[in-house]
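These notes concern the structure reproduced below.
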Amino acid sequence: VGTCDLPLETPPDHPDQLNVWVDDVVIPRDGINGWELSGPTLTLKGESCARVRSGEAIGVRILYGCPTLIQ
């Protein structure tokens, strides 16, 4: 069973340069199925979280350095 709270080593200096994928699908930051950042923890929400918790998702990738997809 996966978790929706993903700890980062350190909070990013520029959170607007963070992107998240569940499997090969980019997850927008905003919306009920997006993600949010609180300090060094990134939290998946809604359907994105449900896929990870159920084990349906194979992997989560977090990349830093490109403008964040908002919607």
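The values are calculated or read from the model by the stated rules, or taken from the named source; none is laboratory data. The structure presented is a predicted model; accordingly, all values stated were derived computationally and were not measured. Heads up, the Cβs are rebuilt from the backbone with ideal geometry, glycines too, and the neighbour counts pull from every protein chain shown. The protein model used for the area step is the full one, side chains on, heavy atoms only, and it has no ligands, DNA or RNA in it. Shrake-Rupley method; radii C 1.70, N 1.55, O 1.52, S 1.80 Å.
Considering each residue of segment 19-41 in turn, at least one proves to be at positive phi and either among the charged types (D, E, K, R) or in contact (Cβ under 8 Å) with a residue 60 or more places away in the chain (or both). Of all residues in segment 35-53, none satisfies being of a type outside the set (D, E, K, R), in a loop (DSSP other than H, G, I, E, B) and under 10 Å from the mean Cα position of the chain (by Cα). Taking first residues from segment 48-68 that are small (Gly, Ala, Ser) and partners that are assigned to a helix (DSSP H, G or I) and surrounded by 11 or more Cβ atoms within 10 Å (Cβ to Cβ), the Cβ contacts under 9 Å between residues at least 6 apart in sequence or on separate chains come to Ala57/Ser48; Ala57/Arg51; Gly65/Gln17.
Matching residues to (1) at pLDDT below 95; (2) open to solvent by less than 60 Å² (accessible area, probe 1.4 Å):
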{"position": "Pro11", "(1), (2)": "yes, no"}
{"position": "Trp21", "(1), (2)": "no, yes"}
{"position": "Asp24", "(1), (2)": "yes, no"}
{"position": "Asp30", "(1), (2)": "yes, no"}
{"position": "Leu42", "(1), (2)": "no, yes"}
{"position": "Gly46", "(1), (2)": "no, yes"}
{"position": "Gly65", "(1), (2)": "yes, yes"}
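For segment 48-58, give me each residue that is touching a helix residue (DSSP H, G or I) at 6+ places or on another chain (Cβ under 9 Å) and surrounded by 15 or more Cβ atoms within 10 Å (Cβ to Cβ). The answer is Ala57, and nothing else.
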